[in-house]
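The values are calculated or read from the model by the stated rules, or taken from the named source; none is laboratory data. Note that the structure is predicted; figures quoted are calculated from it, not measured. Reconstructed Cβ throughout: ideal geometry from the backbone, glycine too, with neighbour counts over all protein chains shown. Ligands, DNA and RNA are stripped out before the accessible areas are found, and what is left, the full protein with its side chains, is counted by its heavy atoms. Shrake-Rupley method; radii C 1.70, N 1.55, O 1.52, S 1.80 Å.
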Amino acid sequence: MSADTQSQTLTDGFHLIIDALQLNGLNTIYGVPGIPITDFGRLAQAAGMRVISFRHEQHAGHAAAIAGYLTQKPGICLTVSAPGFLNGLTALANATTNCFPMILISGSSEREIVDLQQGDYEEMDQLAIAKPHCKAAFRVLHAEDIGVGIARAIRAAVSGRPGGVYLDLPAKLFGQTMDAEAGRKTLIKVVDAAPRQIPAPDSVARALDLLKNAKRPLIILGKGAAYAQADADIRAFVEKTGIPYLPMSMAKGLLPDTHPQSASAARSVVLKDADVVMLIGARLNWLLSHGKGKTWGERGTQQFIQVDIAPTEMDSNVAIAAPVVGDIGSCVSALLAGMGSAWPAAPSAWIGGINERKEKAIAKMSAQLLSNSLPMNFHNALGSLKTIIKQRPDAILVNEGANTLDFARSIIDMYQPRKRLDVGTWGVMGIGMGYAIAAAIETGKPVLAVEGDSAFGFSGMEVETICRYNLPVCVVVFNNNGIYRGTDVNPTGGTDVATTVFVKNARYDKMMEAFGGVGVQATTPDELSRAVNEAMDSGRPTLINAVIDEKAGTESGRIGNLNPQSVVKKA
Ligand code: ADP
Ligand code: TZD
Ligand code: MG
């Protein structure tokens, strides 16, 4: 047979993987090329897929994860074996922790050699290592099983509680050939990958009963609620109850932060004083002080309703009086239907008290935001960015750092769902450029990445990727010369600088210029807002080095209480 006739009748592992992904509407790959997947990336691009090459797998992995969060389809990350796989693994574990659907596909070395530990090129038992860090892990050994492997990976990633999936593809698989027609028949187009999970009617009635009789009710919206894309029903439900709500960080904008029912500016009071708390797609983890302790009312005096797709989440930290298990879309629509037309108005004393607190807190903050004090501090610099997001509510805000994160979260109002992407459940540094790149690619909207100077450093090299694909990403580095502050000194007085400080007055803007993007140094709120507006108008890759007072921050931002500190004084 000539090569031509062969290619008409034969297919191979490379093509079957690409066909299986495309058949399931997965058309974008985030990765780093190399043995054994270089040709795979090339062929995927040739087949019309968008293949975005990064400088480091961790950022490709974070990009895939946030693509999954934004689209409800698993984001795909592609890596080489051992070290590439391990670089991607942090992102896979982070995706699983955050309930984001993604599939990490890694090429791997020859099974026979790996299993006998004979020292293959990039040898590692990747499947075993991935397993504890993801929802499911699969390996495909035969070309005819590729369809099943991809189908299982998709279902595992998006059904139930979403999360990360690992798919191990040994080098030999890619070149395996089979009859093209027979191969086509092995592919699976997944039907109903994330089936609705309707809550039991009695669980809905129990929850509504508790909520209706509450004197001081509170709703907490989490990023599960944002992920669910049930935006209109969630808003209708919150509004129909009239109950104050708190958005968790990435749920900001599900209802506009300026909504009269938002209790964000009175957070500490509502958590302490509420008698019934309804969680919708939010876990009672450290971010909510585990539902107990001094953030909350006296143990046992507060009752919880929890709406979540994961039945085992219930009672994980405190007793859940009314669990509602199902997908949030189905749960919220059942709750809405169950409310009927005669729902009581929210208790006015409770609402009035919260509003008073809110007004005071907002008034106090707005003075700080307008201050012209120089060098800039977190407040007046973020005051500029707050105005920009107000004027450009469809822009996506990526945010990481410590002070830069905590202040931005409370200062910058969000107006639309899934526009705020941040460090999430782990408070992980390094998501910045990966999230920014995927946000631009998946949504086509402008991206504003607000980054601590330390946070930015974790993924900073990806500014080259941003320039290479000419993405509408504007990075603002809050440069306070270090981690938390730039003022620490080496206690020994030795020549090494303190552990938390960086090179003083560094010019991060030059990094963007190195790759053909726009770099700007901003020392005043005006300069900052002019530069961001220009970047957002032009869509050109831009990095603004925002000079922030090195004394302005606090250790660990707002979570200093989690930071153990020695009380032992050495003589
Ligand atoms: P946050 O950090 O915003 O508080 P978490 O990540 O802690 O949010 O919680 C998200 C919760 O949402 C998880 O418990 C997850 O099981 C749940 N979840 C995710 N997607 C859905 C969905 N479609 N329907 C119901 N629950 C969901
Ligand atoms: N490594 C990883 C992967 N995640 C982390 N969260 C940390 C280290 C520890 N860490 C924080 O929790 S915040 C932070 C680190 C290193 C950086 C804070 O400095 P910054 O922000 O410059 O980004 P501010 O504005 O100076 O506080
Ligand atoms: Mg800093």
Simple SL model, points at 7 angstrom along Cα→Cβ for Glu555 and Thr301; separation in nm is 3.2
How much accessible area per residue does region 10-186 have, in Å², with a 1.4 Å probe? 35
Which order do Met433, Met248 take by accessible area at a 1.4 Å probe, largest first? Met248, Met433
Sorted on mean Cβ neighbours within 10 Å (highest first), peptides 485-492, 420-427 come out as 420-427, 485-492
Note on region 201-355: C-alpha Rg/Rh, Kirkwood Rh, two decimals, gives 0.91
Expressed as a whole-number percentage, the relative contact order of region 117-193 with C-alpha contacts under 8 angstrom and at least six residues apart is 35
Expected output is a single nm value to one decimal: the length gained when fully extending between Asp125 and Val489, i.e. 0.36 nm times separation in residues minus the C-alpha distance. What is it? 126.6 nm
Based on the Kirkwood radius over alpha-carbon pairs, what value in µm²/s does the Stokes-Einstein equation return for the translational diffusion coefficient of the chain at 20 °C and 1.002 mPa s? 85
Under the Karplus curve 6.51 cos²θ - 1.76 cosθ + 1.60, θ = phi - 60°, whole-Hz ³J(HN,Hα) for region 135-140, x wherever Gly or Pro sits: 6, 7, 9, 10, 10, 10
Can you give the extra length, in nm with one decimal, that the chain gains between Val568 and Leu287 once fully stretched, where that is 0.36 nm per residue apart less the Cα-Cα distance? 98.2 nm
Sorted by chain and number, the residues with a modelled amide H under 5 Å from that of Met376, at a separation of 5 or more or across chains, are Asp549
If you count the DSSP beta bridges with both ends in region 10-186, what percent of them are antiparallel, to the nearest 5? 10
SASA check, Lys292, accessible area w/ 1.4 Å probe, all protein chains in place, rounded to nearest 10 Å², comes out at 70
Give the long-range amide H neighbours of Met278: residues separated by 5 or more places, or on another chain, with amide H under 5 Å away, using H modelled in the peptide plane at 1.01 Å from N. Leu218, Ile219, Ile220, Ile305
Could you pull the accessible area for Leu543 with a 1.4 Å probe, rounded to 10 Å²? 0
In 5 Å bins starting at 0, how do the alpha-carbon pair distances of region 417-456 split up by percent? 6, 22, 34, 24, 12, 2
Probe radius 1.4 Å, ligands and nucleic acids ignored: give me the carbon and sulfur share of the accessible area of the chain as a rounded percent. 54
Taking every eigenvalue of the Cα gyration tensor of region 198-242, multiplying by 5 and rooting it, what semi-axes result, largest first, whole Å? 19, 15, 10
Need one number: nm distance between label points at Glu359 and Gln197, each 7 Å from Cα along Cα→Cβ, rounded to one decimal. 4.4
Members of Lys73/Lys252; Lys272/Lys294; Lys73/Lys135; Lys272/Lys292; Lys223/Lys252 lying beyond 18 Å, as alpha-carbon distances in this model show: Lys73/Lys252
Could you tell me the accessible area of Ile66 in Å² (1.4 Å probe, neighbours in place), rounded to the nearest ten? 0
Give me the distance in nm between label points sitting 7 Å out from Cα along the Cα-to-Cβ direction at Ala236 and Arg50, one decimal. 3.2
Give a residue-ordered list of calculated ³J(HN,Hα) values for region 403-417 (Karplus: 6.51 cos²θ - 1.76 cosθ + 1.60, θ = phi - 60°; whole Hz; x for Gly, Pro). 4, 4, 6, 5, 5, 4, 4, 7, 8, 8, 6, 10, 10, 10, x
I'd like the Karplus ³J(HN,Hα) series for region 286-293: coefficients 6.51, -1.76, 1.60, θ = phi - 60°, whole numbers in Hz, and an x wherever there's a Gly or Pro. 4, 5, 10, 6, 6, x, 8, x
Rounded accessible area per residue of region 443-523, 1.4 Å, Å²: 43
Within region 370-547, what percent of beta bridges assigned by DSSP are antiparallel, to the nearest 5? 5
Please give the FRET efficiency for Ala514 paired with Ser366, using the beta carbon to beta carbon distance and R0 = 45 Å, rounded to the nearest 0.05. 0.70
Nearest-0.05 FRET efficiency for Arg267 and Asp39, computed from C-beta distance (R0 51 Å): 0.45
What is the gain in length, in nm to one decimal, between Asp315 and Leu116 on full extension, counting 0.36 nm per residue of separation less the C-alpha to C-alpha distance? 67.2 nm
Could you please put Lys272, Lys445, Lys364, Lys223 in sequence from largest to smallest accessible area, using a 1.4 Å probe? Lys364, Lys272, Lys445, Lys223
Given backbone amide H placed at 1.01 Å from N, residues whose amide H is under 5 Å from that of Ile29, ignoring those fewer than 5 places away on the same chain, are Arg50, Val51, Ile52
